[in-house]
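What follows is a single structure, written as structure tokens, with notes after it.
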Amino acid sequence: MTSIVLEQAVATADEMRRADAAAIAAGTPGEALMDRAGRAAASAIAAFTGPDHVLVLCGPGNNGGDGYVIARELAERGWPVTVGQLAPPSSREAVAAAAACPAPVEPLASVQPAPVLVDALFGTGMKRKLKPQVAGRLADLMGAANARIAIDLPSGVGTDDGALLGASLPFDMTIALAALKPAHLLYPAAGLCGRIVTADIGIPVETRCWRITKPRLSAPTFADHKYTRGFALVVEGAMPGAAMLAARGAQAAGAGYVVVAGTGAAPGGPDSVIQRQTDELELEQLLEDGRIGAVVVGPGLGRDREASVRLDAALSGPGCPLVLDADALVLLGASAIPVARRLHGRAAVLTPHEGEFVRLFGAQTGSRVDRARKAAATAQAVVVLKGPDTIVAAPDGRAAISGSPSFWLSTAGTGDVLSGVIAAMLARGLEPFEAACAGVWLHGEAARLAGPLINADALVPALNRTLADTACSN
């Protein structure tokens, strides 16, 4: 059976504070939580690097407290350990952890570098910029180390938005405590985290955001035929090449039957993609076919009157799910009628890049996750905010972040392919949020398989291999 499992939680700073508070209220002392976190992090460090001299940088808060536990644990394993202290511990838990740490403590300003550097200065919840002298000292010590490890988050990044607040050099590994944080996946902060390991500290974390991971898609059975595997329709307009990329993407992602509803001469393409030339009436009649599982509108649609007519036909047609991309989003943004009203309650996935997003929803404040959520609630549709850290957001508040981006996707036509992939997921029966998550993962993984210097055409055959790798028995 098809399964879209979103099990890697992504928690904001506030959600983590609530999780800690709930655990303490349920009877787990704060000192015990800190001890668990430090022990788990120390084990991850020991698995990552050999027993070398370790410099643990400790701030005054609970992240620093975790650092003292790490220093204690590694020292008890026989590793040479030094603590570089930014300021004395300020919380009760951190004071206790520092008192139990046998490692020598030296001021951050004068401590000597070591081959292994552990950053436990600030971690989660940082909102202000690092002081220049602290940022400079951290950079110097990182530059002298052979292995650089951040506890929970690199110091100097925004937990919820991934902004840089003074951080500059990349770490080799970041140990996420209890759950991933948005900054582990949102750029530019994600680019500094290196390998990410999640350390389980035994507390539940309530969140409605996850990392997008590999879906398990059911393989065809003896009972399947082209329509049960999914009928995807692509509405073509002024630039048929883009529509054909969407159609090829849908086909490569497993749709059993793909039709391009065109307006002029066929642009070429695989023989297995059906191309039908349609005027306004013929398009309306085609859209009445109850076997259609998803309709793609936007790639190559154009922005003239005829394009508007074809978009209106798709929006007012029967209730199968829509994927709206490119020119369809531009036309929706230029309309005085709100997007939610234009959709008439239809299930829909909107796939804007940053420029299209701003034209459609206006400038918004907050992180990319916040902005995508607000847009999804406004449009009453799933929004896929494309970028190096693609976000999928649903009207009910669910959100997911792409965890394995491929920057080679930043080339013309790859977004058209994505719209077709999502349509294939919708046509096979996935609900819009799950279809978008599955499509984003397949698209990114295909780019990774295709390798460097890919273009949209090269992405399509890689999708076939990616789809085969996700197939599971029913």
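The values are calculated or read from the model by the stated rules, or taken from the named source; none is laboratory data. No experiment lies behind these values; they were computed from the predicted model shown. For neighbour counting, all protein chains shown are included, and Cβ atoms are generated from backbone atoms with ideal geometry for every residue, glycine included.
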Within region 98-118, tally of residues that are touching a Phe, Trp or Tyr at 6+ places or on another chain (Cβ under 8 Å) and either under 17 Å from G50 (Cα atoms) or at pLDDT below 95 (or both): 0
Matching residues, region 15-36, being over 21 Å from R72 (Cα atoms) and basic (K, R): R17, R18
Failed criterion for G194 (all others in (1) touching a residue at least 60 places away in the same chain (Cβ under 8 Å); (2) on the phi > 0 side of the Ramachandran plot; (3) not assigned by TED's automatic domain parsing to the domain that holds G429 hold): (1)
Exclusive hit being closer than 30 Å to V296 by Cβ, modelled with pLDDT of 95 or more, in a strand (DSSP E or B) and not assigned by TED's automatic domain parsing to the domain that holds G317, set R211, R148: R211
Test: residue in region 334-342 that is within 25 Å of the chain's Cα centre (by Cα) and basic (K, R): no
Any hit, region 162-179, residues being touching a residue at least 24 places away in the same chain (Cβ under 8 Å), of a type outside the set (G, A, S), surrounded by fewer than 24 Cβ atoms within 10 Å (Cβ to Cβ) and under 27 Å from R208 (Cβ atoms): yes
Selection from region 37-71 of residues that are closer than 12 Å to A103 by Cα and surrounded by fewer than 24 Cβ atoms within 10 Å (Cβ to Cβ): H53
Filter result (of a type in the set (V, I, T), surrounded by fewer than 21 Cβ atoms within 10 Å (Cβ to Cβ) and at pLDDT below 95) within region 4-36: V5
Checking K129 against (1) surrounded by fewer than 16 Cβ atoms within 10 Å (Cβ to Cβ); (2) touching a Leu at 6+ places or on another chain (Cβ under 6 Å); (3) in a strand (DSSP E or B), the condition it does not meet: (3)
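From the residues in region 180-199 that are small (G, A, S) and not in a strand (DSSP E or B), which one is surrounded by the most Cβ atoms within 10 Å (Cβ to Cβ)?
Among those residues, the one meeting the criterion is A183.
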Single residue of region 323-338 satisfying the filter (modelled with pLDDT under 95 and part of a helix (DSSP H, G or I)) that is farthest from G355 (Cα to Cα): A334
Where A243 falls short, out of the listed (1) in a helix (DSSP H, G or I); (2) modelled with pLDDT of 95 or more; (3) under 27 Å from the mean Cα position of the chain (by Cα): (2)
Elements of type strands (runs of 3 or more DSSP E) in region 1-118, at least 3 residues being of a type in the set (V, I, T): 81-85
Within region 351-370, considering residues that are touching a residue at least 24 places away in the same chain (Cβ under 8 Å) and outside any helix (DSSP H, G or I), the one farthest from G420 (Cα to Cα): G366
Condition met for T378 (over 27 Å from A243 (Cβ atoms) and among the polar types (S, T, N, Q)): yes
Lone unmet requirement of (1) in contact with a strand residue (DSSP E or B) (Cβ under 7 Å, 6 or more places away or on another chain); (2) at positive phi; (3) of a type in the set (A, V, I, L, M) for A178: (1)
Any hit, region 248-263, residues being modelled with pLDDT under 90 and assigned by TED's automatic domain parsing to the domain that holds A424: yes
Residue match in region 68-87 (condition: touching a His at 6+ places or on another chain (Cβ under 7 Å), at pLDDT 95 or above and not aromatic (F, W, Y)): yes
